[in-house]
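Heads up, the thing below is written out as structure tokens.
Rule-based calculations on the coordinates, nothing more; no lab input. All values derive from a computational prediction rather than experimental measurement. Glycine gets a Cβ as well: all are built from the backbone with ideal geometry, and neighbour counts include every protein chain shown.
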Amino acid sequence: MVRSTHLIVGATGATGKLLVAQLLEMGQSVKAIVRSLDTLPEPIRHHPHLQLIHSSILNLSDMEIAQHVKGCSTVISCLGHTLSIKGIYGQPRRLVTNATTRLCEAIQSNETRDITKFVLMNTAGNSNRDLAEPISFSQKCVIGFIRLLLPPHLDNEMAADYLRLKIGQNSKKIEWVVVRPDTLINEEQVSKYEVFPSPTRSAIFNAGKTSWINVAHFMAKLVTEEKSWVAWKGKMPVIYNSGHE
């Protein structure tokens, strides 16, 4: 496997740190933008193929972001809002959207003919409107209330819509995948999981489960296996752990 460099934001979150570990184990090089160095496990923190950038993505200048994405084959956002009152209702309310926008603009500003892969971790509660995914009236009502009452949901929708509508399917600089796990759970090991183009169950009334480590495994495969990337680029795959009914 050819060693490539992958830039990860949200690298100290539950999924992000597992993704960093898996990519390093695969012999890849990783740049990680982190607000705190202490939240990464000690062995990973000093890995020779890991470069840590101690900052918040939104505190970096456009020039700094452009420099960090330069030379990276992929950019992966595992950003999310902390599950607390401040994390849900405080600032920045558009963390995921603003980071996605600024990273994509940085990629486009660099003078290169290479395509950069962009992976966005999202949620199964967000529909892919390119496919007109069927949603029951009751679920539409609940999602409408969630959109009004929980700002992180709207942030996830806007970030995915930026990739669908602004970057689109014909960009000469960026190819993208939006990964949609359902209810996230903790598991110690990678287990069997299934990936679908659209949800096979209601994220509101019949939610499935997805482990953080399986999401990380799927994203690592996406950016290192060309067959996986070709299968899912420009799409919003939904991932479920197998056996969770």
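Order these peptides, 4-15, 120-131, 158-169, by their mean beta-carbon neighbour count within 10 angstrom, highest first.
Working: 4-15: 23.2, 120-131: 20.4, 158-169: 17.3.
Per-residue Cβ counts within 10 Å, averaged per peptide and sorted highest first, yield 4-15, 120-131, 158-169.
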Whole-Å distance linking the alpha carbon centroid of segment 18-45 with that of segment 188-224 is 21 Å
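When the helices in the chain are scored as -39500 (n - 2.57) per DSSP H run of 4 or longer and the sum is shared across all residues, what 222 nm value do you end up with, to the nearest 500 deg cm²/dmol? Can you show the working numbers first?
Details: 9 runs with 86 residues, N = 245.
Rounded to the nearest 500, the figure is -10000 deg cm²/dmol.
State the antiparallel share, in %, of DSSP beta bridges confined to segment 159-245, rounding to the nearest 5. Present the calculation step by step, with values, prior to reporting the outcome.
Values: 4 of 9 bridges.
If I count the DSSP bridges inside segment 159-245, around 45 percent turn out antiparallel.
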Taking Cα atoms only, helix 16-25 is inclined relative to the longest principal axis of the chain by an angle, in degrees rounded to 10, of 50 degrees
Contact order relative to length for segment 5-241, counting C-alpha pairs under 8 Å separated by 6 or more residues, stands in percent at 21 percent
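For segment 5-241, what is the percent of antiparallel DSSP beta bridges, rounded to the nearest 5?
Values: 4 of 33 bridges.
Rounded to the nearest five, the antiparallel share is 10 percent.
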So, with points 7 Å from each Cα along the Cβ direction, the Lys166-Gln67 label distance in nm works out to 2.4 nm
Pseudo-spin-label distance Met26 to Val190, built 7 Å along Cα→Cβ, given in nm, is 0.8 nm
For segment 179-241, listing trypsin sites (Lys or Arg not before Pro) in a DSSP loop whose Cβ sees at most 11 other Cβ atoms within 10 Å gives Lys192
Checking Ser36, Ser109, Ser136 against a Gaussian network model of the chain (alpha-carbon springs below 10 Å), the top fluctuating residue turns out to be Ser136
GNM of the chain, Cα pairs under 10 angstrom: of Asn98, Asn214, Asn186, the biggest fluctuation goes to Asn186
As straight-line cross-link partners of Lys173, the qualifying lysines (C-alpha separation under 17 Å, not fewer than 8 residues apart within one chain) are Lys70, Lys117, Lys233, Lys235
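Which GluC sites (Glu not before Pro) in segment 148-228 pass both tests, a DSSP loop state and at most 13 other beta-carbon atoms within 10 Å?
Working: sites: Glu157, Glu175, Glu187, Glu188, Glu194, Glu225, Glu226; in loops: Glu187, Glu188, Glu225.
Within segment 148-228, the qualifying GluC sites (Glu not before Pro) (loop, at most 13 other Cβ atoms within 10 Å) are Glu187, Glu188, Glu225.
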The helix 95-109 Cα axis meets the longest alpha-carbon principal axis of the chain at an angle in degrees, between 0 and 90 and rounded to 10, of 50 degrees
Calculating P(r) over Cα pairs in 10 Å bins from 0, in percent from this structure picks out, from [x] 7, 25, 31, 23, 11, 2, 0; [y] 7, 33, 39, 18, 3, 0; [z] 8, 36, 38, 16, 2, 0, entry [y]
Label model pair Leu58, Thr112: point-to-point distance (7 angstrom along the Cα→beta-carbon line) in nm is 2.6 nm
